[in-house]
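Taking it in order: structure first as structure tokens, then the write-up.
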Ligand code: HEM
Ligand SMILES: [Cu+2]
């Protein structure tokens, strides 16, 4: 029943996928969070 | 090296779902959609009342409809849909035995009896205590007993899920559990551990007190137990949406799961950090030591990690799939996404809504800054983004394939198009309603309040325009609900017979094997309990030791 398939490739040869867009997208999400937070923080301080 | 790796299960985990199974899963989903209609109507009425242009007929009280809305949408719709979805995932990946199915029917009926008891008391005006049922407001005992039955039924359903995985693991030693089954198990664990808190409050405090056996109730203890449950509750809603994002969306866009291990890790982190954090709902509560509030705020912020892990993994799935299809450039991959497929579009809008939803959550939890928004309608705006958009639109996205899959019908191109219209209507309506709530909340407009001019103060007069906007948004949303009900009825009873796919994605071919420690459930449970004990023991003992006298029940101004 065991199912040891030969599917492992050499990890060193594996090409890393290109994830530039992902990186920038996550940064944009982070920036949105920070900006919103600062917005309300300013309101908090000014009241 | 050193880390044991798990064997992959036979690549496609896809068991057929039989007729009797379908009937069981659909029963849960039916209750969810009936709830959507009733609860949505109440939501519409609330916004109309608050606009000042409309009054409820027949002496119906505002808090009566607000209780219906909160209980039926926040507690009933969500729990039933989630259990139905959980079972569908388990049935598809690890299977269900006849006996397990029978026990689940028992769970279903216990929950239905409880739901009917609770709903009846609310509709009779005997339980206008809102879905948080804060003491010392008192409801009819049947309200609490019904809630207890719903919780107990949901536990039985969860135990069946655990049993399903256990049996499967016995039959497949050394094989990693299917990702779907792993996620369902995490979510049912989360639900069980968390709902022990409300169950304790309801059984030990509320039921004896509402029956008159106990004269007084410890208000702070009851609120603390409620919020011990109340925050994990929102993750219990959210994790099924994440399941769809991790498992289903990659398949629909023609891609693979970015990383099985990352998905498992993020679910484990959600289990750890969604329970020991309830104080962030009690930041203005006197009687809780500020040090412990601070500690729980820090623990709250830990969920940022799995949340951003999820965001990263989703973007990566989109980008890798797009690049494989030959779309280059920094954001070229965006174009390949199947915008005209409602099974993708509705959950995708849900993901987008979670960006402002999550940002708002971080603001709410920021201890001192909570004072800016506490008990304002901003909070209502916040969770209509998170639960009423992110979660609900994802559930709608699931409905478009799950329901026809279970009823042996097809999502026709015409219904797909209607679904897209539905998603757009929801987006427009919610942007208006939730946007207005956020803004006017920052101006101090309160939540949980019927229309009032507040003695003619100038500040309150600034709010009314936003309340009108909420009524406009609420009306659009209600149209969206009617359309969704129409689509649901079509998919259940009338759409042409056929076979609809149950989309579950597979991992990338050359993915690293998943480490074996993920199957170490004892470890995950032990860490979860240790974190809870750390965050709650000292402040809870402090609360009990320094409690003011308990409170007699109040039936006024709201209650019964
Ligand atoms: C037609 C769509 C909807 C409309 C117009 C609507 C409107 C509203 C309004 C105006 C309130 C606040 C009332 C107040 O604080 O006085 C509210 C509260 C609430 N809504 Fe909705 N809503 C809708 C859909 C949903 C959905 C789909 C969910 C959940 C899945 C939901 C969950 C809740 C909850 C839990 C509350 C809090 C009740 C409370 O404070 O006790 N709503 N809704
Ligand atoms: Cu919370």
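A few remarks follow.
- Nearest 10 degrees, 0 to 90: helix B:141-171 Cα axis against chain B principal axis: 20
- Each of residue B:166 and residue B:298 was given a label point 7 Å from its Cα along the Cα-to-Cβ line. The distance between the two points is 3.7 nm.
- For region B:338-504, averaging the sequence separation of C-alpha pairs within contact (under 8 Å, six or more residues apart) and dividing by the residue count gives a relative contact order of 33 percent.
- Extension gain, residue B:335 to residue B:214: 0.36 nm times the residue separation minus the Cα-Cα distance gives 37.2 nm.
- Spin-label model, residue B:192 to residue A:18: label points 7 Å out along the Cα-to-beta-carbon direction sit 4.8 nm apart.
- FRET E, pair residue B:451, residue B:285, Förster distance 22 Å, beta-carbon r, rounded to 0.05: 0.20
- Gain upon complete extension [residue B:516, residue B:113; 0.36 nm per residue less C-alpha separation]: 140.9 nm
- Helix B:392-407 vs. chain B, principal-axis angle (Cα, 0 to 90°, nearest 10): 50
- Ellipsoid semi-axes in whole angstrom, largest first, where each is sqrt(5λ) of the Cα gyration tensor of region B:12-165: 34, 17, 11
- Label point 7 Å beyond Cα of residue B:204 along Cβ direction - residues of region B:141-174 with amide nitrogen under 11 Å: none
- Label-to-label distance, residue B:497 versus residue B:61, with points set 7 angstrom from Cα along the beta-carbon direction: 5.3 nm.
- Spherically averaged projected area of region B:246-298 from its Cα convex hull (nm²): 5.0
- Sequence-distant contacts, meaning Cα pairs under 8 Å at least 6 residues apart, place the relative contact order of chain B at 21 percent.
- Separation of region B:397-418 from region B:77-142 is 25 Å, based on Cα centroids.
- Length available on full extension from residue B:124 to residue B:431: 0.36 nm per residue minus the Cα-Cα distance, which gives 107.2 nm.
- Per-residue ellipticity at 222 nm from helix content only, as computed over chain B with -39500 (n - 2.57) for each DSSP H run of at least four residues, stands at -21500 deg cm²/dmol.
- With the Kirkwood sum run over all distinct C-alpha pairs, region B:79-127 has a hydrodynamic radius of 12.4 Å.
- Volume per residue of the convex hull around the Cα atoms, evaluated for chain B, comes out as 158 Å³.
- Cα convex hull of region B:119-244, projected area averaged across orientations, nm²: 8.9
- FRET efficiency, residue B:546 to residue B:421 (Cβ-Cβ, R0 56 Å, nearest 0.05): 0.50
- To the nearest ten degrees, helix B:219-243 and the longest principal axis of the Cα atoms of chain B are 30 degrees apart.
- Range of Cα positions in the protein assembly as shown per principal axis (Å), largest first: 74, 52, 48
Read-outs throughout are calculated quantities, based only on the coordinates presented, and are distinct from any laboratory measurement. Note that the coordinates shown come from a computational prediction; the quantities given were computed from them, not determined experimentally. Positions of Cβ are generated from backbone atoms using ideal geometry, with glycine treated the same way; all protein chains shown enter the neighbour counts.
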